[in-house]
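What follows is one structure encoded as structure tokens, with my remarks underneath.
The values are calculated or read from the model by the stated rules, or taken from the named source; none is laboratory data. All values derive from a computational prediction rather than experimental measurement. Reconstructed Cβ throughout: ideal geometry from the backbone, glycine too, with neighbour counts over all protein chains shown.
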Amino acid sequence: MNLRATLLLAVQALVRNKVRSSLTMLGIVIGVAAVIITVAIGAGARVSVQQSIASLGSNLIVVQPGSVTQGGVRTGFGGASTLTPQDGLAVAQLPGVAAVSPIVSVHSQVVAGGNNWQTQLTGVAPTYTYIKAWSLASGRFLSESDVASIAKVAVLGQTVVSQLFPNGSSPIGKTIIIKGSPFTVIGTMTALGQSGMGQDQDDVVLIPYSSAMERLTGLTTVNLLMISATTAAQVNPVQAEVTALLARRHRIVPPQPYDFQVRNLQAFAQAASSTGAVMELLLAGVAAVSLLVGGIGIMNIMMVSVTERTREIGLRMAVGARARTILNQFLTESIVLSTIGGVIGVVVGLLGTVLVAQLAKWPTLVPAGWVFASVGFSAMVGIFFGYYPAQKAANLSPIEALRFE
Amino acid sequence: MSDVVEVRGLRKVYPMGDDEVVALGGVDLSIAKGEFIAVMGPSGSGKSTFMQIVGMLDRATAGTYLFEGNDVAKFSDDDRADVRSRRLGFVFQSYNLLPRTSALENVELPMVYAGVPPEQRRDIALEKMDIIGIKALADHMPNQMSGGQQQRIAIARSLVNDPALILADEPTGALDTKTSRDVMRLFSDLNAHRNITIMLVTHEPDVAAFAKRIVTFRDGHILSDIPNVERAA
């Protein structure tokens with residue numbers, strides 16, 4: 001018996017029992033669909049965690065001014081006014097640094113026409129969009145010449161746009177008043193939503209850091225330096241180099257404490273992504289159990305089928321089927337069932353994934369590897385759980401099988 | 001030319017606890033080509049065991065069995081399966097057709113295992129069904145046919161590989177008197193006009209009367225082996 005003939009025999013037998021065949025397949029269909037859907041949800045969750053970490057800037061290094069001691073009282077980090085835009089320019093020259101932006105933060109009222117709004121004014125460099133992985137919704141972002149000319153231009157976050165321009169008109173080209181100075185709106189940012197800490201990240205007005213220093217704070221120092229390393233692997237070396245460079249620039253001699261602090265978000269990113277991986281594994285584990293149950297269902301039905309078809313097996317043996325041929329036929333039936341079930345399961349799983357994404361608004365992602373793995377695994381389920389019943393069929397004595405009532 | 005079947009001192013013993021049951025206690029019998037032999041006897045006489053051993057569905061405990069001159073004791077299980085598919089035909093009391101499978105496909109079944117190419121199977125199956133006079137039933141399912149029709153399908157199935165011997169185990173046991181007679185007449189015709197060797201197992205004298213030779217078993221031994229004068233002529 002060649003492979004084609006065996007396959008034909010198996011398919012014929014399955015087609016003759018359509019209801020039983022489809023019910024048997026159902027277990028595998030549900031198992032595989034469950035694997036696909038849960039993995040898609042798990043992977044989607046992981047990717048969205050990764051994206052939100054990336055939006056924080058996963059390669060991000062933050063330099064804060066250190067604390068100062070005045071009359072025995074130590075301020076916290078950020079209390080000292082020691083970081084300057086020039087420090088930022090020097091850091092930008094270091095290898096492994098992709099971009100640097102000084103950050104100047106001021107809380108202030110902003111007025112546009114008849115509307116006013118308390119918001120966060122942030123003085124930044126043109127590199128800020130790159131560092132934050134934040135894109136423009138309309139207009140243009142701040143340019144190097146805006147910084148150089150201390151221009152009175154502003155880019156608005158979506159919350160500010162809706163508060164100051166509630167009628168939906170485009171804010172581009174409009175004038176807003178910040179601490180008495182008129183600024184021209186040149187662009188708006190896309191909505192970021194809440195940060196990991198629950199802050200509204202869109203409640204912000206971005207202006208050149210030079211303008212913020214000159215017109216709002218009146219200081220020559222900045223609140224922060226945000227540094228983006230070229231790759232995640234560069235974060236730690238860059239952090240070390242930045243520390244060394246700033247210590248040199250600030251003429252700090254050990255054991256004198258540093259007047260700044262350099263931090264990165266990698267620990268946070270790692271914790272978040274490993275949590276995601278554990279979640280994904282957990283979901284896949286649950287799904288694998290349902291696939292296992294599907295496999296046991298196949299074994300169950302195949303056992304019933306062998307008993308029910310005992311006389312058929314006896315007859316096949318009497319008219320010349322070898323034991324091996326009977327084994328192959330039943331094994332093939334089970335493999336065909338589970339593989340077709342697996343393929344249908346993938347289709348159902350993909351549809352289910354789309355449905356989940358649409359209805360629950362959950363991010364989903366179907367890794368192609370899992371699709372092939374689940375079809376392959378269900379075929380293996382067919383072999384594994386089909387072997388015992390097939391063996392049982394092949395070992396029947398033809399005489400007893402023919403007498404079986 | 002050797003006989004189709006030649007058995008000498010054939011014994012079959014079944015262990016039963018500490019005891020053993022002797023089903024066949026040393027049987028000698030030859031079946032030549034073209035014979036139509038009826039094996040009779042009450043239940044427990046060993047006639048069914050004899051048929052199963054001759055049909056290579058079971059092995060003897062002792063004695064020799066030559067099939068077409070070959071020693072069956074030396075056959076592996078696969079060899080025996082191959083002989084069953086190519087050289088033997090079976091007809092059972094309960095027809096044993098595959099359910100939900102057309103008559104044509106049922107007739108084709110032994111050829112599937114004998115490795116006959118699919119294109120030829122159909123032609124051969126239809127040819128044999130034509131001989132039996134049931135070609136019109138080719139597309140029918142077993143549950144759409146009468147018992148007599150199903151048994152004819154089974155007879156056509158036993159013919160497809162041009163077997164050296166057809167073994168019919170109580171082929172009329174489930175049929176009414178008239179249908180039984182029709183089926184037996186069919187066996188007679190196949191034997192008389194196509195020289196097909198047939199071994200029939202039955203306990204009904206009416207049915208055995210169609211054979212040309214009647215062997216009666218009792219308690220595992222042959223009680224009598226006589227030509228059927230009426231038909232042997």
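Of all residues being under 21 Å from A:Asp200 (Cβ atoms) and either assigned to a helix (DSSP H, G or I) or not assigned by TED's automatic domain parsing to the domain that holds A:Ile172 (or both) in segment A:102-159, which is nearest to the chain's Cα centre (by Cα)? Just the residue, please.
Only one residue tops the list, namely A:Lys132.
Mind checking which pairs have a first residue in segment A:297-308 that is in the same structural domain as A:Thr332 (by TED's automatic domain parsing) and more than 11 Å from A:Thr24 (Cα to Cα) and a second that is in a helix (DSSP H, G or I) and of a type in the set (Phe, Trp, Tyr), Cβ under 7 Å, 6 or more apart or different chains?
Pairs that qualify, where the first residue is in the same structural domain as A:Thr332 (by TED's automatic domain parsing) and more than 11 Å from A:Thr24 (Cα to Cα) and the partner is in a helix (DSSP H, G or I) and of a type in the set (Phe, Trp, Tyr), are A:Val306/A:Phe330.
Under 30 Å from B:Arg157 (Cα atoms), β-branched (Val, Ile, Thr), out of contact with any Cys (no Cβ under 9 Å at 6 or more places or on another chain) and crowded, with 19+ Cβ neighbours inside 10 Å, is that true of A:Ile326? If you could, list the steps in order and put the result at the bottom.
Numbers: under 30 Å from B:Arg157 (Cα atoms): yes; β-branched (Val, Ile, Thr): yes; out of contact with any Cys (no Cβ under 9 Å at 6 or more places or on another chain): yes; crowded, with 19+ Cβ neighbours inside 10 Å: yes.
For A:Ile326, the condition - under 30 Å from B:Arg157 (Cα atoms), β-branched (Val, Ile, Thr), out of contact with any Cys (no Cβ under 9 Å at 6 or more places or on another chain) and crowded, with 19+ Cβ neighbours inside 10 Å - is met.
The rows are residues; the columns are (1) free of Cβ contacts under 8 Å to residues at least 60 places away in the same chain; (2) away from every other protein chain (no Cβ under 14 Å); (3) over 30 Å from A:Ile28 (Cβ atoms); (4) of a type in the set (S, T, N, Q).
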residue	(1), (2), (3), (4)
A:Asn236	yes, yes, yes, yes
A:Arg249	no, yes, yes, no
A:Val253	yes, yes, yes, no
A:Asp259	no, yes, yes, no
A:Val278	yes, yes, no, no
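With segment B:1-61 as the region, which strands (runs of 3 or more DSSP E) entirely inside it contain at least 3 residues that are loosely packed, with under 15 Cβ neighbours inside 10 Å and not hydroxyl-bearing (Ser, Thr, Tyr)?
On the way: elements: B:5-16, B:19-31, B:36-40.
It comes to B:5-16, B:19-31.
Restricting to segment B:111-156, what's the tally of residues that are among the small types (Gly, Ala, Ser), buried (at least 17 other Cβ atoms within 10 Å of the Cβ) and under 27 Å from A:Ala5 (Cα atoms)? Break it down into steps so the answer makes sense when it comes.
Here is the first cut: in segment B:111-156, the ones among the small types (Gly, Ala, Ser) are B:114-115, B:125, B:133, B:136, B:138, B:146-148, B:154, B:156.
After this cut, where a residue has to be buried (at least 17 other Cβ atoms within 10 Å of the Cβ) as well, the list is B:114, B:125, B:138, B:148, B:154, B:156.
Going one step further and asking which of them are under 27 Å from A:Ala5 (Cα atoms), we end up with B:114, B:125, B:138, B:154, B:156.
Residues flagged as among the small types (Gly, Ala, Ser), buried (at least 17 other Cβ atoms within 10 Å of the Cβ) and under 27 Å from A:Ala5 (Cα atoms) within segment B:111-156 amount to 5.
Restricting attention to segment A:389-401, does a residue exist that is within 14 Å of chain B (Cβ to nearest Cβ) and of a type in the set (D, E, K, R)? Walk me through it before giving the result.
Of all residues in segment A:389-401, those within 14 Å of chain B (Cβ to nearest Cβ) come to A:394-401.
Then keep just the ones that are of a type in the set (D, E, K, R); that gives A:400.
Among the residues of segment A:389-401, at least one is within 14 Å of chain B (Cβ to nearest Cβ) and of a type in the set (D, E, K, R), which makes the answer yes.
Inspect all residues belonging to segment A:354-366 and state whether any of them is over 16 Å from A:Ile41 (Cβ atoms) and of a type in the set (A, V, I, L, M, F, W, C). I'd like the intermediate steps shown before the answer.
Applying the first criterion (over 16 Å from A:Ile41 (Cβ atoms)) to segment A:354-366 yields none.
Within segment A:354-366 (the criterion being over 16 Å from A:Ile41 (Cβ atoms) and of a type in the set (A, V, I, L, M, F, W, C)), the answer is no, since none of the residues qualifies.
Under the condition of being surrounded by fewer than 16 Cβ atoms within 10 Å (Cβ to Cβ) and in contact with a helix residue (DSSP H, G or I) (Cβ under 7 Å, 6 or more places away or on another chain), which residue from segment A:352-382 is farthest from A:Leu315 (Cα to Cα)?
Selected residue: A:Trp362.
What helices (runs of 4 or more DSSP H) completely inside segment A:287-405 contain at least 2 residues that are under 27 Å from the mean Cα position of the chain (by Cα)? Let's see the steps before the verdict.
Working: elements: A:310-318, A:323-359, A:368-394, A:398-403.
Of the helices (runs of 4 or more DSSP H) lying wholly inside segment A:287-405, those with at least 2 residues that are under 27 Å from the mean Cα position of the chain (by Cα) span A:323-359, A:368-394.
For segment A:98-105, indicate whether the set of residues that are out of contact with any Phe, Trp or Tyr (no Cβ under 8 Å at 6 or more places or on another chain), modelled with pLDDT of 90 or more and surrounded by 19 or more Cβ atoms within 10 Å (Cβ to Cβ) is non-empty.
yes
So B:Leu109 passes all but one of these: (1) within 14 Å of chain A (Cβ to nearest Cβ); (2) over 15 Å from A:Leu315 (Cα atoms). Which condition number does it fail?
(2)
Given B:Leu126, B:Leu66, B:Leu104, B:Leu57, which one is facing chain A (nearest Cβ under 8 Å) and aliphatic (A, V, I, L, M)?
Numbers: B:Leu126 fails: facing chain A (nearest Cβ under 8 Å); B:Leu66 fails: facing chain A (nearest Cβ under 8 Å); B:Leu104 fails: facing chain A (nearest Cβ under 8 Å).
From the options B:Leu126, B:Leu66, B:Leu104, B:Leu57, the qualifying one is B:Leu57.
Taking into account only those residues within segment B:157-174 that are over 19 Å from B:Ala192 (Cβ atoms) and aliphatic (A, V, I, L, M), which is surrounded by the most Cβ atoms within 10 Å (Cβ to Cβ)? Walk me through it before giving the result.
First, pick out the residues of segment B:157-174 that are over 19 Å from B:Ala192 (Cβ atoms): B:157, B:160-161, B:169-170, B:173-174.
Restricting the remaining residues to those that are aliphatic (A, V, I, L, M) gives B:160, B:174.
Numbers: B:Val160: 23, B:Ala174: 16.
Within segment B:157-174, the match that is surrounded by the most Cβ atoms within 10 Å (Cβ to Cβ) is B:Val160.
Looking at (1) within 10 Å of chain A (Cβ to nearest Cβ); (2) buried (at least 22 other Cβ atoms within 10 Å of the Cβ), can you tell me which one B:Val91 breaks?
Among (1) within 10 Å of chain A (Cβ to nearest Cβ); (2) buried (at least 22 other Cβ atoms within 10 Å of the Cβ), the lone unmet condition for B:Val91 is (1).
Listed residues A:Ser211, A:Ser169; which is hydroxyl-bearing (Ser, Thr, Tyr) and in contact (Cβ under 8 Å) with a residue 60 or more places away in the chain? Break it down stepwise before answering.
On the way: A:Ser169 fails: in contact (Cβ under 8 Å) with a residue 60 or more places away in the chain.
One residue alone meets the criteria, A:Ser211.
For segment A:247-273, how many residues are modelled with pLDDT of 80 or more and either of a type in the set (Ser, Thr, Tyr) or touching a strand residue (DSSP E or B) at 6+ places or on another chain (Cβ under 8 Å) (or both)?
8
Residue by residue, here is whether (1) of a type in the set (Gly, Ala, Ser); (2) in contact (Cβ under 8 Å) with a residue 60 or more places away in the chain holds:
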| residue | (1), (2) |
| --- | --- |
| A:Leu283 | no, yes |
| A:Ala287 | yes, yes |
| A:Gly294 | yes, yes |
| A:Met317 | no, yes |
| A:Leu331 | no, no |
| A:Ser334 | yes, no |
| A:Val343 | no, no |
| A:Val347 | no, no |
| A:Val356 | no, yes |
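For (1) more than 20 Å from B:Met56 (Cβ to Cβ); (2) in contact (Cβ under 8 Å) with a residue 40 or more places away in the chain, each residue gets a yes or a no:
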site: B:Thr101; (1), (2): yes, yes
site: B:Ile132; (1), (2): yes, yes
site: B:Leu137; (1), (2): yes, no
site: B:Gln150; (1), (2): yes, yes
site: B:Pro163; (1), (2): no, yes
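Filter segment B:69-82 down to the residues that are surrounded by fewer than 20 Cβ atoms within 10 Å (Cβ to Cβ) and either in a helix (DSSP H, G or I) or facing chain A (nearest Cβ under 8 Å) (or both) and list them by number. Let's see the steps before the verdict.
Within segment B:69-82, the subset surrounded by fewer than 20 Cβ atoms within 10 Å (Cβ to Cβ) is B:69-71, B:73-79, B:82.
If the condition is that a residue be surrounded by fewer than 20 Cβ atoms within 10 Å (Cβ to Cβ) and either in a helix (DSSP H, G or I) or facing chain A (nearest Cβ under 8 Å) (or both), then B:Ala73, B:Lys74, B:Asp77, B:Asp78, B:Asp79, B:Asp82 are the ones that fit.
Out of segment B:158-180, which residues are within 20 Å of B:Met145 (Cα to Cα) and either in contact with a His (Cβ under 8 Å, 6 or more places away or on another chain) or polar (S, T, N, Q) (or both)?
B:Ser158, B:Glu170, B:Thr172, B:Thr177, B:Thr179, B:Ser180
Condition check ((1) more than 23 Å from A:Gly320 (Cβ to Cβ); (2) under 13 Å from the mean Cα position of the chain (by Cα)) across all residues:
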residue: B:Asp28; (1), (2): yes, no
residue: B:Met40; (1), (2): yes, no
residue: B:Lys47; (1), (2): yes, yes
residue: B:Asp58; (1), (2): no, no
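For segment B:212-227, which residues satisfy the criterion of being without any contact (Cβ under 8 Å) to a residue 40 or more places away in the chain and within 18 Å of B:Ile198 (Cα to Cα)?
Residues of segment B:212-227 that are without any contact (Cβ under 8 Å) to a residue 40 or more places away in the chain, as a first pass: B:224, B:226-227.
Correct list: B:Ile226, B:Pro227.
Of these, B:Phe210, B:Phe187, B:Phe217, which one is within 29 Å of B:Arg122 (Cβ to Cβ) and either within 14 Å of chain A (Cβ to nearest Cβ) or out of contact with any Cys (no Cβ under 9 Å at 6 or more places or on another chain) (or both)? If you could, list the steps in order and put the result at the bottom.
Values: B:Phe210 fails: within 29 Å of B:Arg122 (Cβ to Cβ); B:Phe217 fails: within 29 Å of B:Arg122 (Cβ to Cβ).
One residue alone meets the criteria, B:Phe187.
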